[in-house]
Amino acid sequence: MCAPSGPPASTALESAWRQLDEVELAGIRKREVKFVDAVYAPDVVMFPLYGPFKVQGLEGAREAWRSVYDTFATVTRCEWSERQYRASGAAASWMTCLWYLEGANSDGQPLEMVLRVTRQYEKRRGRWLVVHEHLSAALR
C-alpha cells in the first residue's frame, strides 16, 4: 500500500474541506441537485457513477447526480469514511475516501454500493470548490 503524498492538511483547512463535503452529502441524502452550485467549480470535470463516462461543467454535474437519483429512489445511507485530505499548495488540495451508498430502487429493491472517491479542490476568489471528481466501484 502506498503512503499518501503531499503534506497533511492543517486542521483549519481540513475543516473547510469537510464543510464543503458535508454540503454535498446532505444534498445527496435529500436527493437534491442544488448542492452542485455550492460545491463544484463552473469548469468541474467529473467521472461519475452513472450517466456519461465524463462530464464537464455544472449542468453536466447536475445531470450526473440526477442519474444517481434515477437509480436510487430512496437513499438510506450516504457516508464517506477513511477521508484523507492532502494540501497541494496554498490554493489546491485533494481527498480520497470510501463512499457507502445504500437505498432502494423504484421497485423497492435494496441497493448497496461501496465506491472509491478522489476529489481535487481549488480555492477560487476566497472559496474552496471541487474542480475534479472521480468515482469508481470497489469490487468485493
* Taking the range 1-31 as the search range and keeping residues that are open to solvent by 60 Å² or more (accessible area, probe 1.4 Å) and not in a helix (DSSP H, G or I), which one is modelled with the lowest pLDDT? -> MET1
* Kindly list the number of the only condition in (1) outside any strand (DSSP E or B); (2) crowded, with 17+ Cβ neighbours inside 10 Å that fails for GLN120. => (1)
* Asked: Is at least one residue of the range 87-98 surrounded by 13 or more Cβ atoms within 10 Å (Cβ to Cβ) and assigned to a loop (DSSP other than H, G, I, E, B)?
  -> no
* Asked: Any chance the range 72-86 includes a residue that's in contact with a helix residue (DSSP H, G or I) (Cβ under 8 Å, 6 or more places away or on another chain), under 14 Å from GLU122 (Cα atoms) and not polar (S, T, N, Q)?
  -> yes
* Which of the residues that make up the range 55-68 are modelled with pLDDT of 95 or more and open to solvent by 60 Å² or more (accessible area, probe 1.4 Å)? -> GLN56, GLU59
* Asked: Which one of ALA90, ALA38 is of a type in the set (Gly, Ala, Ser), over 20 Å from SER136 (Cα atoms) and modelled with pLDDT of 95 or more?
  -> ALA38
* Asked: Within the range 68-86, can you find the residues that are assigned to a strand (DSSP E or B) and free of Cβ contacts under 8 Å to residues at least 24 places away in the same chain?
  -> SER81, GLU82
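The values are calculated or read from the model by the stated rules, or taken from the named source; none is laboratory data. Treat the numbers as computed from the prediction; the structure is a model and nothing was measured. Using ideal geometry, Cβ is built from the backbone for each residue, glycine included, and neighbour counts are taken over all protein chains shown. Side chains included, ligands, DNA and RNA excluded: accessible areas come from the protein's heavy atoms. Shrake-Rupley method; radii C 1.70, N 1.55, O 1.52, S 1.80 Å.
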